[in-house]
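Okay, so here's the structure we're looking at.
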Amino acid sequence: MEAVPFLRKLNRLSPLTDVFLLTGRRAIADVSVDHFIDSALSLGEIEQSIRDAIGIRYLLDSAGIVGHSKNLRDAALRIQQVAPTDISVLVTGPSGTGKELVARALHENSPRKDDEFVSINCASIPDTLLESELFGYEKGAFTGADSKQPGLLQHAHKGTLFLDEIGEMHPRLQAKLLRAIETKTFTPVGGRKAVTVDVRIIAATNRDLELDVESGNFRADLYYRLGVINIQLIRLAERPEDILPLIAHFLGRHKKGIGFSPDATDLLLKYGWPGNVRELTNFLQRLLITEPQGEISRETVASLLDKHAVADRSLPVVTNVKTEESGYRLIYQALLNLANEVMEMKKLIGKHFGGGEGQEVHPLTAGGDLEEMEEKLIRETLAKVDGNRKKAASFLGIGERTLYRKLKKYNLMG
């Protein structure tokens, strides 16, 4: 397919360009295509597909969300669907992935866009102060309360309240927040009279709230109330097609006509970006301070990145972790890669020799020995961290929710 080399070159030379491909295929290896349009569609259907895609791009651009990944397009589609409603939304994903941008996009595309968007980080304020910040307080409610002060819920009346890092909220406050959401009323600290508000709640977290519910750290009723709709953002390393567009957007905004050598570009795409988009932005800011000219070399890029994370290897890049933890993580990822290769081989054999056409094969169920290896590695990791599941998930480089599912699968919940 002659288009493939052209598209690969286009992805690197013009990373902000949207690519529409009229084809019968749905994916092309190592090529970023924004929209595959089925060549069997009628002209009218093709036009509608293009209009829909332009609407998604307009939403992302207006929200300041940059990238071409399916994860971002799915998030934009969900924003289009739920923004016009008053449904509570839970935005999940690691720190630095742009959860507040999604929250603002929900507000700006809603009927509440002309009213206040109020944001608070629940992790940055002590519990005793967070209650008065959210619900306000009456004069004399506590030492220093010299006058009545409305809370953020009242400031957000008719608008949107964004609760960032909701997973850090104390259970006592969770109960009061749940009541405020359900009844649209609450009582300020030190007050007796209920206050009525009309507020849409959007929450965000980098925690696995399902695990927190399971462990009793987060109220199940509040979780289900907030998570009517869940928009999930994934790590930047899991959507590498967004890296070059982000770089081009940032440098273009600062009017810097610089570029990266092919080796430097490869390194940027290979690096793990543990801090996600926030870390990428910080890297580019450090780069611009050096006042680079012309083409940026691989050596320059490497000097500005986490030296422990820069490595030329096909295994996943592991960053900011101890050597022992890095070893566990790389072994586990290698096991997953091997399982995926076995899965693809089984699919190929089934397709060409019969008996396997159309059958779904899952990684790590492709061979019993691989499952035994996974179970053994998880057991050893848990033993190493004295059963601490959060640490075990970190050691293995997987999410706590994923680890939880695997513990149930292998009967390791005890």
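Derivation of every value follows stated rules applied to the coordinates shown; laboratory data play no part. All of these numbers come straight from a predicted model, not from anything done at the bench. Cβ coordinates were reconstructed from backbone atoms using ideal geometry, including for glycine residues, and neighbour counts include every protein chain displayed.
Counting other beta carbons within 10 Å of each residue's own, what order do VAL91, VAL195 fall into, fewest first? Intermediate results must be reported in sequence, preceding the final value.
Numbers: VAL91 28, VAL195 18.
Taking fewest neighbouring Cβ atoms as first place, the list is VAL195, VAL91.
Quick check: pseudo-label points 7 Å beyond the Cα along Cα→Cβ at ASP266 and VAL228, how many nm apart are they?
For ASP266 paired with VAL228, the spin-label model returns 5.1 nm.
Rounded to the nearest 0.05, what FRET efficiency do SER95 and GLN48 give with R0 = 35 Å and r taken as the Cβ-Cβ distance? Could you check? Don't jump to the answer; show the numbers that get you there.
Working: r = 38 Å, r/R0 = 1.08.
Approximately 0.40, to the nearest 0.05.
Using Cβ contacts closer than 10 Å as the measure, can you line up SER119, SER124 from fewest to most? Provide the component values of the computation, followed by the final result.
Numbers: SER119 18, SER124 11.
Listed from fewest to most nearby Cβ atoms, that is SER124, SER119.
What's the exposure ranking of GLU241, GLU380, going from fewest to most Cβ atoms within 10 Å? Can you show the working numbers first?
On the way: GLU241 20, GLU380 13.
Placing the least packed residue first, the sequence is GLU380, GLU241.
Please give the contour-minus-distance gain from HIS170 to THR128: 0.36 nm per residue of separation, less the Cα-Cα distance, rounded to one decimal in nm.
Working: separation 42, 0.36 × 42 = 15.12 nm, distance 0.96 nm.
Length gained, HIS170 through THR128: 14.2 nm.
Which value, in debye to the nearest 20, describes the size of the charge dipole of region 110-198 about its Cα centre when Lys and Arg Cβ atoms bear +1, Asp and Glu Cβ atoms bear -1, and nothing else is charged?
Working: 11 positive and 13 negative charges, 91 e Å.
Once rounded to the nearest 20, the dipole reads 440 debye.
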